[in-house]
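Each remark here refers to the structure printed beneath this line.
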Amino acid sequence: MAADVKGQNNCRLVIHDRPSGLKFLVDTGADISVVPPSSAERCKPKSLLNLLAANSTKINTYGTGNLSLNIGLRRIFPWSFIIADVSRPILGADFLTHYGIIIDLKSKCLKDQQTTLTSTGKISTDNTPSITALKLSLNFNDLIREYNDVFDDVERSPIKIQSHNVTHVIQAKGPPVGAKARRLASDKLIAAKQEFQNLIHKGICSPSTSCWASPLVMVKKSDGSWRPYGDYRALNAQTIPDKYPIRHIHDFTSYLHRKTVFTTLDLKRACHQVPMHEEDKQKTAIITPFGLFQFNFMTFGLRNAAQTMQRLMDNALQGLDFCFVYIDDLLIASSSLEEHLDHLKHVFDRLRKFGLVLNRDKCVFAV
């Protein structure tokens, strides 16, 4: 990948992304969209996708970063940006073309062809150089966009139907476990109701008449909000262990010799991509102050969940020796960028075939 520095002080539009606070220079002369690295990203290994200035000065890159832009056009624009040593973020022709965005410098605005809405920005005479990408880098970005369905937003949409046949089975010994509903403080109660309403909307759980009942426990997340989980200790004590082997990281290190390009992939809420065995849904029931709910998909805290996930991923990626799977985390290692593009295509094909979805925010490409 190379960059052609065009040292011209042309008037260009600057648009503000509300979630990130970044001010993007909108440049039709730039083939690709880039963002500068954070201090933490600058400490990461440099990517093989290098940019070159017109004077052959090397511009380091650090893989890709996924952002969902809100630029005042009443819809969200997810995009995979190249993280590069540039002075400011740039929205290039790849982004503008993909979403049908038109620049109107006279009116100082962007126009969305899909909705005909406009977003006003500011005019700048910034001399940040435009970026020209060679075919290889375009192939890489085009590959990610070609498999955009593999990066569906599970958080916002009803969960998609999986095409794999792996289900989570609970073989329990002994009578059904039962518990009484635990009282919750007002903030925890509100959070629990909202989350269960969301889970029901997605089809992940549903109201239950089960004779099984595990208590609800609220866990504080890093952002200070609350997330409900089932306290499945009593159920797990009765569950017969699944002996399916979990992969060991040392088994893969010998394969990494002479590998130079790496991608890590992470499934989006991996548990919720595995259906529960029909007869065992009732065993997942959680009792709350506002009702009893059972899960249609595997949920957090169940015994043997890791083994079920490993079994699914081994089935999905069987025969792809360049891809190492540890439960729901994938590492792809290749000897060259060209080979890596081919490897990614094979992995994405398998994930698409099995109906599995990745978490864009936790994937790191081609470092």
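The values are calculated or read from the model by the stated rules, or taken from the named source; none is laboratory data. Only a predicted model underlies this, so the values are computations on that prediction, with no experimental measurement involved. As a convention, Cβ positions derive from the backbone with ideal geometry for all residues, glycine included, and neighbour counts pool all protein chains shown. SASA here: full protein model, heavy atoms, side chains in, ligands and nucleic acids out. Shrake-Rupley method; radii C 1.70, N 1.55, O 1.52, S 1.80 Å.
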Residue under evaluation Ile204, criteria (1) open to solvent by less than 50 Å² (accessible area, probe 1.4 Å); (2) farther than 16 Å from Thr299 by Cα, criterion not met: (2)
Given the conditions (1) in contact with a Cys (Cβ under 6 Å, 6 or more places away or on another chain); (2) modelled with pLDDT under 90, every one holds for Ala366 apart from (1)
Suppose we keep only residues that are surrounded by fewer than 17 Cβ atoms within 10 Å (Cβ to Cβ), out of contact with any helix residue (DSSP H, G or I) (no Cβ under 8 Å at 6 or more places or on another chain) and in a strand (DSSP E or B) within the range 54-101. Which one would you say is modelled with the highest pLDDT? Ser68
Of the numbered conditions (1) open to solvent by less than 70 Å² (accessible area, probe 1.4 Å); (2) of a type outside the set (Phe, Trp, Tyr); (3) at pLDDT below 85, Glu146 fails exactly one; give the number of that condition. (1)
Do you know which residues across the range 247-261 are open to solvent by 60 Å² or more (accessible area, probe 1.4 Å) and either part of a strand (DSSP E or B) or hydrophobic (A, V, I, L, M, F, W, C) (or both)? Ile249
Out of everything in the range 328-344 that is in a helix (DSSP H, G or I) and open to solvent by less than 10 Å² (accessible area, probe 1.4 Å), what residue ends up being modelled with the highest pLDDT? Leu344
Just checking, which of Asp266, Asp321 is of a type outside the set (Lys, Arg) and in a strand (DSSP E or B)? Asp266
